[in-house]
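Okay, structure first, notes after.
Every read-out reported here was derived from the displayed coordinates using simple, explicitly stated rules and does not represent laboratory data. On a predicted model such as this, the values are computed, not experimentally measured, just so you know. When we count neighbours, we look across all protein chains shown, and the Cβ atoms used for this are built from the backbone with ideal geometry, even at glycine.
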Amino acid sequence: MNQETIKIEGMMCGHCQMTVEKAIRDVKGVQDVNVSLGDKQAEVSYNPGITDPATIRSAVVKAGYKVMD
Ligand SMILES: [Cu+2]
């Protein structure tokens, strides 16, 4: 498993947090995700043979949030 921390802009409440968490969890190959509203970030464990950080980031963007680099 690889770990990736993604900085996310635009989450305002618990609903946003859940939306982002679900979007990431639905990416095939994601093992675990923990989204922090306070820290504005997601910590993701994923299987590098199945997915990659770019795919996970794009799922966040598709859900309507901004990924910071
Ligand atoms: Cu919200």
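Looking across region 24-59, the residues that are out of contact with any Gly (no Cβ under 9 Å at 6 or more places or on another chain) and among the hydrophobic types (A, V, I, L, M, F, W, C) come down to 24, 27, 30, 33, 35, 42, 44, 54, 59. Summed over region 20-59, residues that are over 15 Å from residue 9 (Cα atoms) and among the hydroxyl-bearing types (Ser, Thr, Tyr) total 4. The strands (runs of 3 or more DSSP E) located wholly in the chain that include 2 or more residues which are within 13 Å of the ligand (Cβ to nearest atom) and either in contact (Cβ under 8 Å) with a residue 40 or more places away in the chain or crowded, with 17+ Cβ neighbours inside 10 Å (or both) occupy 2-9.
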